[in-house]
Amino acid sequence: MEKITEAGGKAIAVGCDVSDAEQVEAAVARVAEELGAPTILVNNAGVLRDNLLFKMSESDWDTVLNVHLRGAFLMSRACQKHMVDAGFGRIVNLSSSSALGNRGQVNYSAAKAGVQGFTKTLAIELGKFGVTANAVAPGFIATDMTAATAERVGMGFEDFQKAAASQIPVQRVGEPADIANAIAFFTGEAAGFVSGQVLYVAGGPLN
Ligand SMILES: NC(=O)c1ccc[n+]([C@@H]2O[C@H](COP(=O)([O-])OP(=O)(O)OC[C@H]3O[C@@H](n4cnc5c(N)ncnc54)[C@H](O)[C@@H]3O)[C@@H](O)[C@H]2O)c1
């Protein structure tokens, strides 16, 4: 927030549970009131509840699907009316390389694959209103989320990152800035003819 205000912008932080429709409506209304129409939306909220299928509880399934998929749906629905009125909008949804399948993540991979279908349909429905929708699908990025995974599998975060980097063609793990740069491309005015795409940002191709 400080960086934004230092650069001459205006910023507020509004907390909400993205899986709760009422909280989402209230948060988006407050942003619209204080900052003007939200015409850029990045659906980034996420949680992990990893487990092998036979050990996965219904609540672990529901929590992950609710935050990633229902959250992206509720936020997009709340923001689209402002974007449609403005005749301009940019929605970027966070998918993941796990959308292609990842052991221990039936819930997360289903949500992140769902995000891709959701994104393509948003692109089709909202294109005529000047709104684009794209997905960024990160590989391994060093954040609290991957630090928590390292802890769960009983490895130090440094060693966990080293092991991941050795499997990545560019031989390093990603940084949050790698993802922010990709999102900045999609949210820019210049990307108005790019919609419904999924960009893997993973230091190499994925298959
Ligand atoms: N880190 C990676 O390697 C990686 C890889 C692929 C995709 N992603 C995705 O990128 C996004 C960001 O992940 P991250 O690594 O920064 O994770 P993170 O755990 O560091 O941050 C996730 C954020 O989501 C917020 N959040 C969780 N539940 C929420 C809810 N119900 N309502 C509102 N906010 C909620 C948390 O408070 C936290 O600030 C997520 O969608 C994640 O699935 C991350």
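Laboratory data are not the source of any read-out in this text; all were calculated from the coordinates shown. Keep in mind that what you see is a predicted model, and the values were worked out from it rather than measured. Note that we place each Cβ from the backbone using ideal geometry, even for glycine, and neighbour counts take in every protein chain shown.
List of remarks:
- Number of the condition not met by residue 174 [criteria: (1) in contact (Cβ under 8 Å) with a residue 24 or more places away in the chain; (2) more than 14 Å from the ligand (Cβ to nearest atom); (3) under 28 Å from residue 193 (Cα atoms)]: (2)
- Any hit, the range 141-153, residues being farther than 23 Å from residue 101 by Cβ and in a loop (DSSP other than H, G, I, E, B): no
- Matching option when the condition is away from the ligand (no atom under 11 Å from the Cβ) and within 21 Å of residue 40 (Cβ to Cβ), among 166, 195: 195
- Of the residues contained in the range 77-93, one or more are found to be crowded, with 17+ Cβ neighbours inside 10 Å, among the polar types (S, T, N, Q) and closer than 30 Å to residue 153 by Cβ.
- Selection of the range 12-33 for residues being among the small types (Gly, Ala, Ser), in a loop (DSSP other than H, G, I, E, B) and in contact (Cβ under 8 Å) with a residue 24 or more places away in the chain yields only 19.
- Extreme residue, farthest from residue 193 (Cα to Cα), among residues of the range 79-94 that are out of contact with any Leu (no Cβ under 9 Å at 6 or more places or on another chain) and of a type in the set (Gly, Ala, Ser): 86
- The residues of the range 149-171 that are touching a residue at least 40 places away in the same chain (Cβ under 8 Å) and surrounded by 14 or more Cβ atoms within 10 Å (Cβ to Cβ) amount to a single one, 149.
- Matching residues, the range 131-152, being among the aliphatic types (A, V, I, L, M) and within 14 Å of the ligand (Cβ to nearest atom): 135, 136, 137, 141, 142, 145, 147, 148, 150
- On the stretch given as the range 14-68, residues that are more than 17 Å from the chain's Cα centre (by Cα) and basic (Lys, Arg) total 2.
- Verdict on residue 131 being in contact with a Phe, Trp or Tyr (Cβ under 8 Å, 6 or more places away or on another chain), over 17 Å from residue 43 (Cα atoms) and among the β-branched types (Val, Ile, Thr): no
- The residues of the range 94-119 that are more than 11 Å from the ligand (Cβ to nearest atom), part of a helix (DSSP H, G or I) and either buried (at least 17 other Cβ atoms within 10 Å of the Cβ) or of a type in the set (Lys, Arg) (or both), listed by number, are 106, 107, 110, 113, 114, 116, 118, 119.
Conditions (1) in contact (Cβ under 8 Å) with a residue 60 or more places away in the chain; (2) in contact with a helix residue (DSSP H, G or I) (Cβ under 9 Å, 6 or more places away or on another chain); (3) of a type in the set (S, T, N, Q), marked per residue:
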{"residue": "102", "(1), (2), (3)": "no, yes, yes"}
{"residue": "109", "(1), (2), (3)": "no, yes, yes"}
{"residue": "113", "(1), (2), (3)": "no, yes, no"}
{"residue": "121", "(1), (2), (3)": "no, no, yes"}
{"residue": "125", "(1), (2), (3)": "no, yes, no"}
{"residue": "128", "(1), (2), (3)": "no, no, no"}
{"residue": "141", "(1), (2), (3)": "no, yes, no"}
